[in-house]
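Chemist: Sending over a structure as structure tokens; questions will come in a sec.
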Amino acid sequence: MSVTILDTPSRRTVLQSTLGSIFIVALPLRAWAGNETFPEDAANDFAPDAFIRIDEQGKVTLVMPQVEMGQGVYTSISMILAEELDADWSKVSFEHAPPNEKLYANPMLTVQATGNSNSIRAFWKPLRQAGANARATLIEAAAEEWRVTPSECRAESGSVIHDASGRRLAYGGLVERARMLKPVANAPLKSPKDFRLIGKPLKRLDTPGKTNGAVIYGIDAMPDGLKFATLAISPVLGGKVAHVDDGRARTIPGVRQIVVMDDAVAVVGDHMWAAKRGLDALAVTWSDGVNSGISTDELWERLRRASLRNGAVAKNVGDAHGVLADDAISADFEMPLLAHATMEPLNCTIHAKGDSAEVWIGTQVMVRVQNAVAQALDLPPEKVTVHNHLIGGGFGRRLEPDMAAHAARIAKEVRAPVKVIWTREEDMQHDVYRPAYRDNLSAKLVNGKITAWKHKVSGSSVMARWIPPFFQKGVDPDGVDSAVDMPYDIPNFRVEFNREEPPGIVTGFWRGVGPNNNVFAIESFIEELARRSGQDSIAFRKAHLDKTPRLKAVLDLVAQKSDWGAPLPARAGRGVAVQVSFASFIATVAEVEVADDGEVRLRRVNCVVDTGLAVNSDTIMAQLQGGLVFGLTAGLYGEVTLKNGRVQQNNFNDYRMLRINQVPGIDVHVVKSAEPPGGIGETGVTASIPALRNAIYAATGVPLRRMPVNQKLLAANI
């Protein structure tokens, strides 16, 4: 696997939020003074804002408003702050931000949350400004000390320098004086040509702790006196506990307590093995409730019926209805329910103390966890202390606080700290699933060009549940993301959203959510239109990209890097997909070979990305490679099914992952750009599935319109 940094001309563009029509709220950076979350042992530090603290020894502590779940954001955010602060990188450390939406709300989401591939996009300007303001304040302190003007001084690597006299003061020596000054506001930002850190592939700050075992994930937290618990939740959503026979469980050594709730049962023990054995020994009778008859077939039948009705209009340009009245080409595409299957199973440790509580967890939504625990324990939120830890895989699953709410209900009955761990089976069968989607697309071709396009997305609205104010006039902005801003030049264009909530499950964000559905449908349909018009796949796309030169440029480059057009063996093919998702411009080519029995072997993947200014190219490479593998796994195998209201998948034996010997060579090429940074965490997932599908189409002539790959269908049609 490799990464290449490439120079290419760029033009100034306005980067828009991937939330479509949702506005971006610019939140002010507030000083620490008077904030109850200020650490007691840092009272003498220079802390001009909520993100930077410098002590008298010159140690720089950067407070992370976003959480680390493997995407490298702690390193990238630290680079942004340290760059404008002109900190000595060797003296930089970081810590998690506490739950505090006044200080740490994500400017694009308006809540304290990590997701939507926007950590760098959302905080790029605010954090640069925070660092620049702190630097300017330290320069002012030094100038006051030397009795010179601030304009005579400059900062470099953790010191302020007065070139005329050769004097130098380290930041630590300026802390006391800087603390007394009013922090500078709106200090000038650096020119990119003066960056010392941003743009370099710096080593990640969290790597040493991960390699020597010092890092603590949520599942590793071990407060004194800890007990362990595991639980069984009603296998049918909305079901209740009817009866529990705990006689055998209580005889197991190490089992200390059985906690029976309305919809779940937990066993508390001295260690996880005792708790798990105790849970296995319980005889639980469930009352399944109204969702006991739900099946996958019923869910799809409901969704397909719903897709026949008109949807709420998300975007309408020209007269797509009129132009498509005659000679329209149509196709329907479907994506199934998907589980998150994070490497670190769900867990939460809580010590309920009566009048307060302490929580140890890895979460993407600290404030929501704090509120969920407070509600479960009938406490004011300020009485709940949340310690956030590194996350062993989020993918959107830890944008939910349900694991903390369940843990709090158990902890309420335990007179000690209790760590609640979901087994893999419990995690898999009680996930907040990626919605199933059905996309109806229609287009008209005239002289090899698309003159009209209609895209109707039908499925669950995650946004309506998760942040209701963003769901406006029947349109889920995430559900139509990458559809309303689809990059192709088409004069008559219409996108609709058709909300249909599935019974028996809860849907939530899954790495890429709306874009990975919409880019799959769009790029699959574009491929069919290219073939119908008799044109090369890349040439056809380029003919519709005159208004999107950045995408056109990465498409040209991926053709070169992937040897597009070179001969391939029988039943092998290359598939291309392009996207503007999360404000990044990406072109991907997958190369596959399909066996006689329909099994797909991945040969090679090339990906070219223009994500604007690359804060850390090494992180971009890793995120794209990981995202591509994540998406290829879903495209080949991913599907959650229901029978009698119960999720049928249990573990990785029947919810398969791509194995290491199946992973192809993945080459990532990063275009050098001066544009503001785009998002990267989910883009590889979004790119992989349509590229895979189109490669299979090229190899077999079978236009798959539903994922995951149907090997029997391929075998029957080869």
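The values are calculated or read from the model by the stated rules, or taken from the named source; none is laboratory data. For clarity, every value in this text was computed on a predicted model and none was experimentally measured. A quick note on method: Cβ atoms are made from the backbone with ideal geometry, for glycine too, and the neighbour counts reach across all protein chains shown. Note: areas computed on protein heavy atoms with side chains; ligands, DNA, RNA excluded. Shrake-Rupley method; radii C 1.70, N 1.55, O 1.52, S 1.80 Å.
Chemist: Taking the convex hull of the alpha carbon atoms in segment 529-641, what volume per residue do you get, in Å³?
Modeler: 147 Å³
Chemist: I'd like the FRET efficiency for residue 211 and residue 648, computed as 1/(1 + (r/R0)^6) with the beta carbon distance as r and R0 of 30 Å, rounded to 0.05.
Modeler: E(calc), rounded to 0.05, equals 0.20.
Chemist: Follow-up. Which entries of 240/412; 276/419; 102/353; 276/643 show an alpha-carbon separation above 23 angstrom in the structure shown?
Modeler: Numbers: 240/412 20 Å; 276/419 13 Å; 102/353 27 Å; 276/643 26 Å.
In this structure, 102/353; 276/643 lie more than 23 Å apart at Cα.
Chemist: Using the alpha carbons of segment 82-225, what is the convex hull volume per residue in cubic angstrom, as a whole number?
Modeler: About 182 Å³ per residue, rounded to a whole number.
Chemist: Give me the net charge for the shell around residue 284: Cβ to Cβ below 10 angstrom, other residues only, Lys and Arg +1, Asp and Glu -1.
Modeler: Value of the local net charge: -2.
Chemist: Further question on the same structure: How do 427, 194 rank by accessible surface area computed with a 1.4 Å probe, from largest to smallest?
Modeler: Putting 427, 194 in descending order of accessible area: 194, 427.
Chemist: Separate question: State the three equivalent ellipsoid semi-axes of the chain, derived from the C-alpha gyration tensor as the square roots of 5 times its eigenvalues, in descending order and whole Å.
Modeler: Working: eigenvalues 349, 281, 96 Å².
Calculated on Cα positions only, the semi-axes equal 42, 38, 22 Å.
Chemist: Please state the charge dipole magnitude for the chain, taken about the Cα centre, from unit charges on C-beta atoms (+1 on K and R, -1 on D and E), reported in debye and rounded to the nearest 20.
Modeler: Approximately 920 debye in magnitude.
Chemist: If one computes the Cα centroid of segment 53-118 and of segment 558-606, what distance in Å separates the two points?
Modeler: Segment 53-118 and segment 558-606 have Cα centres spaced 37 Å from each other.
Chemist: Can I ask one more? Given the options 320, 255, 159, identify the residue whose Cα lies farthest towards the positive end of the charge dipole of the chain (+1 on Cβ of Lys, Arg; -1 on Cβ of Asp, Glu).
Modeler: Comparing the listed Cα positions along the dipole, 320 ranks first.
Chemist: Next question, about the same structure. Between residue 447 and residue 164, what length comes free when the chain is fully extended (0.36 nm per residue of separation minus the Cα-Cα distance, one decimal in nm)?
Modeler: 94.9 nm
Chemist: Could you state the orientation-averaged shadow area of the convex hull built on the Cα atoms of segment 340-490, in nm² to one decimal?
Modeler: Values: hull surface 47.2 nm².
So the Cα hull casts an average projection of 11.8 nm².
Chemist: Over what distance in Å are the Cα centres of segment 385-439 and segment 640-693 separated?
Modeler: Result: 22 Å between the Cα centres.
Chemist: What is the gain in length, in nm to one decimal, between residue 240 and residue 224 on full extension, counting 0.36 nm per residue of separation less the C-alpha to C-alpha distance?
Modeler: 2.4 nm
Chemist: In straight Cα distance, which lysines are under 17 Å from residue 454, not counting same-chain residues fewer than 8 positions off?
Modeler: Partners within reach: 315, 444.
Chemist: Hey, another quick one. For segment 245-333, what value does the Rg/Rh ratio take when both radii are computed over Cα atoms and Rh is the Kirkwood radius, given to two decimals?
Modeler: In segment 245-333, Rg relative to Rh is 1.42.
Chemist: Another question about this same structure. Evaluate segment 235-387: find the radius of gyration of its Cα atoms, find its Kirkwood radius, and give the ratio Rg to Rh.
Modeler: Radius of gyration relative to Kirkwood radius: 1.15.
Chemist: So between residue 566 and residue 273, what do we pick up on full extension, going 0.36 nm a residue minus the alpha carbon distance?
Modeler: Separation in residues times 0.36 nm, less the Cα-Cα distance, equals 99.9 nm.
Chemist: Report residue 309's accessible area, 1.4 Å probe, all protein chains in place, as a number in Å² to the nearest 10.
Modeler: For residue 309, the solvent-accessible surface is approximately 100 Å².
Chemist: Using a 1.4 angstrom probe on the protein heavy atoms only, line up 424, 256 by accessible area, largest first.
Modeler: Numbers: 424 35, 256 145 Å².
From most exposed to least exposed: 256, 424.
Chemist: Moving on. Given R₀ = 56 Å, FRET efficiency for residue 657-residue 185 by Cβ-Cβ distance, to 0.05?
Modeler: 0.70
Chemist: On to the next question. When Rg is the radius of gyration of the Cα atoms in segment 177-290 and Rh is its Kirkwood radius, what does Rg/Rh come to?
Modeler: 1.35
Chemist: Oh, and also: Please list, in order, the residues from segment 283-315 whose amide nitrogen is less than 15 Å from a point placed 7 Å along the Cα→Cβ vector of residue 248.
Modeler: Under 15 Å, as judged by backbone N against the label point of residue 248, lie 283-285 of segment 283-315.
Chemist: When only DSSP loop residues count, what GluC sites (Glu not before Pro) in segment 489-548 have their Cβ near at most 11 other Cβ atoms within 10 Å?
Modeler: Sites meeting the loop and neighbour criteria: none at all.
Chemist: Could you order 355, 288, 439 by accessible surface area, starting with the largest, using a probe radius of 1.4 Å?
Modeler: 355, 288, 439
Chemist: Under 24 Å Cα-Cα from residue 203, which lysines qualify once same-chain neighbours fewer than 8 residues away are excluded?
Modeler: Straight-distance partners of residue 203: 59, 91, 125, 190, 193, 672.
Chemist: Ok, one more. Using alpha-carbon positions, what is the distance between the centroids of segment 352-377 and segment 698-718, in Å?
Modeler: Cα centroid to Cα centroid, the span is 48 Å.
Chemist: Sorted by mean Cβ packing within 10 Å, highest first, what order do the peptides 616-626, 51-61 take? Please list the in-between numbers first.
Modeler: Values: 616-626: 22.6, 51-61: 20.6.
Highest-to-lowest ranking by the protection proxy: 616-626, 51-61.
Chemist: If you don't mind, another one. Would you mind telling me the share, in percent, of accessible area of the chain contributed by carbon and sulfur at probe 1.4 angstrom?
Modeler: 50 percent
Chemist: Further question on the same structure: Just for the Cα atoms in segment 157-202, what are the lengths along the principal axes, largest first, rounded to whole Å?
Modeler: On the principal axes, segment 157-202 reaches 35, 27, 22 Å in Cα extent.
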